[in-house]
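The values are calculated or read from the model by the stated rules, or taken from the named source; none is laboratory data. Source: prediction; values computed, not measured. Cβ placement follows ideal geometry from the backbone for every residue including glycine, while neighbour counts extend to all protein chains displayed.
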Amino acid sequence: MNISPQPAARPRARGTERSLARRAELIAIGRRLFADTSYDALSMDDIARQAHVAKGLIYYYFQSKRGYYLAIIQDSVTDLVTLAASGHELPPVDRVQRTVDSYLRYAEHNQAAYRTIVSGGVGFDTEVHAIRDGVREAIVATIAEGAYGRADVTPLARMGLLAWVCGVEGATLEWIDRPELPRRTMCELLVKGLGGALRAIEDLDPAYPAPEAARQGA
């Protein structure tokens, strides 16, 4: 008896693709809803109504409101982290400028999510902290590669760069609350602050000399 093989995997694959597409669509909707609205300000009923979907669909893909919000935050910072890790063809100063400008753009256009990430969520939220730490490490790695040609640096150099990143977080929070400076000016200010951090690292560890642009105050 000749039995033709059945393409059983294809319907499942198509179903998986549809599920991923639907999940991505819900995350895109959530990114718009939560861009400037805090977690507590929107109920699941509000979200379902504004997204024009059944509330059960959100529960099906994300299990809970918190699961949905975490997925939105993770997705929204992915582009930023990817951008920070790219651009190796650019001169180091241009790469830093682009990374800082993109960081400020993200904070400016996703204010509620940015505040959640930097503050660590409600209480001690380990998952939000992990997202925040991932962004920090991506930026530290970008700066280290541009300044020293490698991401793996000594604890002193890493701490100097991390201290700058943490300062950027605090300054950015203040900036989105009181946007008295244009984004371009804010970017230049933060980049010049990085030059100071790089010079301080060199003073404490001459094995990590600051790039010429940092020596000139750029």
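Counting only residues that are of a type outside the set (A, V, I, L, M) and in a loop (DSSP other than H, G, I, E, B), the range 197-218 holds 7 of them. Looking only at the range 154-168, filter to residues that are over 23 Å from Leu104 (Cβ atoms) and among the aliphatic types (A, V, I, L, M); which one of those is surrounded by the most Cβ atoms within 10 Å (Cβ to Cβ)? Looking at residues that are over 23 Å from Leu104 (Cβ atoms) and among the aliphatic types (A, V, I, L, M), I get Ala157. Taking the range 138-174, which residues are within 17 Å of the chain's Cα centre (by Cα) and among the β-branched types (Val, Ile, Thr)? Passing the criteria: Ile139, Val140, Thr142, Ile143, Val165, Val168, Thr172.
Just to verify a result, which residue in the range 86-102, among those that are out of contact with any helix residue (DSSP H, G or I) (no Cβ under 6 Å at 6 or more places or on another chain) and not in a helix (DSSP H, G or I), is nearest to Ala130 (Cα to Cα)? Going through the qualifying residues, I end up with Ser86. Taking the conditions (1) at pLDDT 95 or above; (2) touching an Asp or Glu at 6+ places or on another chain (Cβ under 6 Å) in turn, Ile201 satisfies each one other than (2). Here Ala210, Ala200, Ala171, Ala151 are screened, and the one residue that is in contact with a Lys or Arg (Cβ under 6 Å, 6 or more places away or on another chain) and either in contact (Cβ under 8 Å) with a residue 60 or more places away in the chain or surrounded by fewer than 18 Cβ atoms within 10 Å (Cβ to Cβ) (or both) is Ala210.
Please tell me if His109 is modelled with pLDDT under 85, out of contact with any Ser or Thr (no Cβ under 7 Å at 6 or more places or on another chain), within 30 Å of Ala151 (Cβ to Cβ) and not charged (D, E, K, R).
Here the answer is no, as His109 does not meet what is asked.
For the range 120-148, the set of residues classified as surrounded by 14 or more Cβ atoms within 10 Å (Cβ to Cβ) and modelled with pLDDT under 80 consists of Gly120, Gly121, Asp125, listed by residue number. Scanning the range 71-96 for residues that are in contact with a Phe, Trp or Tyr (Cβ under 8 Å, 6 or more places away or on another chain) and modelled with pLDDT of 85 or more turns up Ala71, Ile72.
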